[in-house]
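What follows is one structure encoded as structure tokens, with my remarks underneath.
Each reported figure results from applying straightforward, stated rules to the coordinates on display, with no laboratory input. Note that the coordinates shown come from a computational prediction; the quantities given were computed from them, not determined experimentally. Methodologically, a virtual Cβ is constructed for each residue, glycine included, from the backbone with ideal geometry; neighbour enumeration extends over all protein chains shown.
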Amino acid sequence: MNAPASKTNRSGTKQLLLIFLIAFLVRVGFTASTVRKHEHERPNQIDTLQYDDEQWYWAIGQSYRAGDGMVGEYGHRAERMPLYPWLLSWFSPGESGVSAARWFQCFFGALAACAVTALAWRLSTIGLIAGLIVAFDPTLVGSASLLLSETVAVTLLAGLWYAAWPLRDAQSRSPLRWLSTIVLSILVIYAKESTIILVAALYAYLVFARRDRHGVFAAVASVGCIVLALVPWAYRNKQVSGDWIWLTSRGGISLYDGVHPGATGASDLGNIKAAPDVANLSESEWNRHFKDKAWKHIFDDPMRIVSLSWTKLARTWSPVLNAADLQSWKIRAIFAGWYIPLYALVIIGIYAKRSRISVLAGLLLPTICISATHVFFVGSVRYRLVAIPTLAILAAMGLQAVMSSRESQEIPDAIEEDATKDSK
């Protein structure tokens with residue numbers, strides 16, 4: 001009796017392994033080619049850490065490794081969540097350590113394709129299609145080559161959605177599943193602070209999807225556990241900065257970056273950080289200063305914020321990259337050739353599954369949260385990465401709908417052709 005199930009499980013495992021290998025090799029290949037290119041262009045720069053955020057993540061990770069306490073820019077000690085710097089601290093200083101960190105990211109990023117495949121199998125037979133979309137997605141592939149927290153956050157969020165999805169059903173009361181969801185929620189927040197919005201939205205979604213007392217109790221208890229897990233970090237930040245900082249000290253300046261009077265929708269942190277009125281502020285004062293100014297600008301001119309939000313959303317969901325150094329016709333063609341069809345398939349998938357409101361809500365939740373967040377914060381394709389896994393599932397549903405429509409059209413055509421031949 002168990003033989004068919006065992007055979008199916010073995011087949012599923014082989015398919016997951018295949019998806020992982022494809023995703024991993026694509027990321028390794030791109031990373032290797034990118035590193036070689038930048039080594040040629042910048043021979044004196046440590047393993048081509050080309051962006052400021054990369055350099056600061058690496059510096060904070062090495063500070064963690066040295067026992068200095070995550071010292072970042074301007075001596076700040078709470079400007080990044082600790083999980084990603086902790087991961088980087090395992091790699092030795094110098095080029096060999098940076099290279100090893102990149103290969104680790106290729107490995108960890110490839111796991112997102114497996115999580116998406118497994119989640120899609122819970123919904124339909126589209127797992128392989130969804131997994132391949134994540135495996136080849138150019139933004140996900142490109143981000144794996146950069147020492148930024150997005151790759152880790154994407155994989156953890158994909159795992160979180162996979163773990164939490166069965167909890168939509170009121171019949172699902174497994175304490176182990178709730179526990180795994182709590183652990184993944186804590187890890188993803190410790191990796192990237194902005195994901196706390198997605199985590200909160202996920203638990204609210206589970207409550208509304210289940211509509212039972214157990215779901216409310218379990219969700220509230222889960223959120224309580226997550227808050228408790230943040231207490232040691234907040235207390236540590238109080239010791240080093242003087243304030244209970246529950247996430248990071250970058251919240252204020254990040255918000256200000258998106259709403260100040262000269263805001264364009266793109267980031268301008270370099271000029272903002274160089275302002276003379278913040279030169280002598282402590283870390284906690286720095287955070288409060290920018291936060292207070294940001295909210296003042298929001299309340300003083302809310303219509304400007306609304307108007308600017310369209311530019312930010314256009315930047316976030318742009319089918320081509322926004323960076324000035326990535327505007328070659330080849331790069332634009334690759335990204336437009338990928339994302340325009342992908343977005344079209346997502347729309348088709350939404351229409352095809354329009355009767356399954358709960359499923360659509362769960363899959364669109366990251367997209368909605370990211371879009372709502374970047375009404376205020378700056379827009380960039382980097383920030384949509386955490387929504388790509390669930391959009392890949394919707395795109396796979398769209399492709400399935402297109403293929404099914406073509407097959408259903410071909411059957412009557414074949415019957416009509418046979419009938420014509422018979423009449424002759």
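Compare 325, 257, 68 in a GNM of the chain, Cα atoms joined below 10 Å, and give the one with the largest fluctuation.
Residue with maximal mean-square fluctuation among 325, 257, 68: 325.
Please report the net charge: other residues with Cβ closer than 9 Å to the Cβ of residue 70, K and R +1, D and E -1.
Spelling it out: positives minus negatives among the neighbours equals 0.
Set the Förster radius R0 to 45 Å, insert the Cβ-Cβ distance between residue 280 and residue 336 as r into 1/(1 + (r/R0)^6), and round the FRET efficiency to 0.05.
For R0 = 45 Å, the calculated efficiency reads 0.45.
What does the charge count around residue 392 come to, taking other residues whose C-beta lies under 15 Å from its C-beta (Lys +1, Arg +1, Asp -1, Glu -1)?
Overall, the nearby charge balance is +2.
Give the Kirkwood hydrodynamic radius (Å, one decimal) of the range 347-405, defined as one over the mean of 1/r across all pairs of different Cα atoms.
When all Cα pairs of the range 347-405 are included, the Kirkwood radius is 12.2 Å.
Given a 10 angstrom Cα cut-off, can you work out which residue in 163, 59, 274 is the most mobile in a GNM of the chain?
274
Would you mind classifying the range 13-172 by shape? Square roots of the alpha carbon gyration tensor eigenvalues, ordered a ≥ b ≥ c; an a/c under 1.5 is rounded, otherwise it is prolate if a/b is larger than b/c and oblate if not.
It is oblate, given that a/c is not under 1.5 and a/b is not larger than b/c.
Let me check I have the definition right: for the range 3-417, take the eigenvalues of the Cα gyration tensor, multiply each by 5, take square roots. What are those semi-axes in whole Å, largest first?
Equivalent ellipsoid of the range 3-417: 36, 26, 23 Å, largest first.
Just to verify a number: FRET efficiency for residue 304 and residue 11, C-beta to C-beta distance, R0 = 56 Å, to 0.05?
Result of the calculation: an efficiency of 0.50.
Please compute the length gained on full extension between residue 100 and residue 37, using 0.36 nm multiplied by the number of residues separating them and subtracting their Cα-Cα distance.
Residue separation times 0.36 nm, minus the Cα-Cα distance, leaves 20.9 nm.
Stretched out fully, how many nm does the piece from residue 406 to residue 90 gain, at 0.36 nm a residue minus the Cα gap?
Stretched out fully, the residue 406 to residue 90 stretch lengthens by 108.6 nm.
Once you have the Cα-Cα distance between residue 375 and residue 212, take 0.36 nm times their residue separation minus that, and quote the gain in nm to one decimal.
That works out to 55.4 nm of additional length.
Select from 370, 331, 305 the residue whose mean-square fluctuation is largest in a Gaussian network model of the chain (Cα-Cα springs shorter than 10 Å).
331
What's the FRET efficiency of residue 324 with residue 136 using the Cβ-Cβ distance as r and R₀ = 30 Å, to the nearest 0.05?
0.75
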